[in-house]
Amino acid sequence: MAAEIEEMFKKMSTHEGVKGLLVINAEGIPIRSTLENALQVQYAALIHGFFLQSKNTIREINPQDTLDCIRLRSYKHEIMVFPSQDYLLIAIQEPGVKL
């Protein structure tokens with residue numbers, strides 16, 4: 001799995017406007033990050049909780065559906081969350097830039 005994560009980091013970090021990348025495990029613990037320690041812990045905790053609530057909401061609406069991606073956009077940042085079986089990849093970028 002480590003090689004897979006490294007490949008994603010290399011590919012995504014070259015995109016214009018990417019401010020930071022973070023991979024967290026199923027428990028919300030940061031595994032790999034380009035962010036400073038305090039910021040990665042903050043993003044990991046907040047996004048992990050938001051992801052779990054979003055996943056449960058989707059499941060309540062339609063039990064056969066799954067959560068593929070979360071995209072949050074504010075004036076200053078755009079946060080995208082890409083879930084996999086064991087990890088969450090979180091990308092923080094400037095708004096309006098496509099990954």
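Only the coordinates and a few stated rules stand behind these numbers; no lab work does. What you are looking at is a predicted structure, and each value in this text was computed from that prediction instead of being measured. Cβ atoms come from the backbone with ideal geometry, glycine included; neighbour counts cover every protein chain shown.
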**OP:** All but one of (1) under 16 Å from L22 (Cα atoms); (2) surrounded by 12 or more Cβ atoms within 10 Å (Cβ to Cβ) hold for R59, so report the exception by its number.
**Re:** (1)
**OP:** Kindly indicate which of V23, V18, V41 is farther than 24 Å from G96 by Cα and of a type in the set (V, I, T).
**Re:** V41
Subject >> Residues that are without any contact (Cβ under 8 Å) to a residue 60 or more places away in the chain and of a type in the set (D, E, K, R), drawn from the range 5-63 >> reply: E6, E7, K10, K11, E27, R32, E36, K55, R59, E60
